[in-house]
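Since the structure comes first, as structure tokens, the remarks are kept for the end.
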Amino acid sequence: MKEEQNFYIVDKSVLPEVFLKVMEVKKLLESGKERTVQDAAVKVGISRSAFYKYREAIFPLYENTRGKTVTISMNLDHTPGLLSSVLNGVAMYGANVLTINQTIPINGIANVTLTIETNELLGDLAGMMKKIKTTEGIQSLKIIARES
């Protein structure tokens, strides 16, 4: 069983120094002051591997909660209105659907891939996923990509 992902708000003064340095590397790269991860990592005093190890674990608060796109893959029974129910669930949570890709049903099951934008998400992504997963006819549901 996969462990649920949890997020916490933590004051930066109690974080290990490596996390703060990872943020410095990100800022250098985003600002264009450094062109490569290697150069930025050397400048702030961490290894490139430390940056890659922690880069998906720390974000400024505004970046972690706004503007992310999430791609969800699901297998649905070939039932009229089921995709509409899923889309209604996404809308109820305030997510914006960017793309919908659906395969032709084979053996009564269709694969659907949704990419959503979470700018205006009401509640959390885990709650939305749980709500959608309880919809009758959903065979599987998982996040396959997340922009950070």
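Taking chymotrypsin sites (Phe, Trp or Tyr not before Pro) in DSSP loop conformation with at most 14 other Cβ atoms inside 10 Å as exposed sites, the chain has its longest uninterrupted site-free stretch at 9-148.
Length gained on full extension, TYR52 to LEU98, computed as 0.36 nm times the residue gap minus the Cα-Cα distance: 13.7 nm.
Applying a threshold of 27 Å to the alpha-carbon distances of LYS68/LYS131; LYS27/LYS68; LYS12/LYS142; LYS33/LYS53 flags LYS12/LYS142 as lying beyond it. Think of each Lys and Arg Cβ as +1 and each Asp and Glu Cβ as -1; about the Cα centre, that makes the dipole of the range 12-58 roughly 20 debye. With the whole protein complex present, LYS12 retains an accessible surface near 140 Å², based on a 1.4 Å probe. Which shape class applies to the range 75-148: rounded if a/c is under 1.5, otherwise prolate when a/b exceeds b/c and oblate if not, where a ≥ b ≥ c are the square roots of the Cα gyration tensor eigenvalues? Here the range 75-148 falls in the prolate category. Between MET129, ILE144, LEU98, the Cα set farthest toward the positive side of the dipole of the chain (charges on each charged residue's Cβ, about the Cα centre) is that of ILE144. Each label point was placed 7 Å from the Cα along the Cα-to-Cβ direction; for ARG146 and VAL42 their separation is 3.3 nm.
Taking GluC sites (Glu not before Pro) in DSSP loop states with no more than 13 other Cβ atoms inside 10 Å as exposed sites, the chain has its longest site-free stretch at 57-119. Per residue, the accessible area of the chain comes to 67 Å² when a 1.4 Å probe rolls over the protein heavy atoms.
Surface composition of the chain: carbon plus sulfur atoms hold 52% of the accessible area, using a 1.4 angstrom probe and ignoring ligands, DNA and RNA.
The values are calculated or read from the model by the stated rules, or taken from the named source; none is laboratory data. All of these numbers come straight from a predicted model, not from anything done at the bench. Every residue, glycine among them, receives a Cβ derived from its backbone with ideal geometry; neighbour counts consider all protein chains shown. The area values use the complete protein model at the heavy-atom level, side chains included, leaving out ligands, DNA and RNA. Shrake-Rupley method; radii C 1.70, N 1.55, O 1.52, S 1.80 Å.
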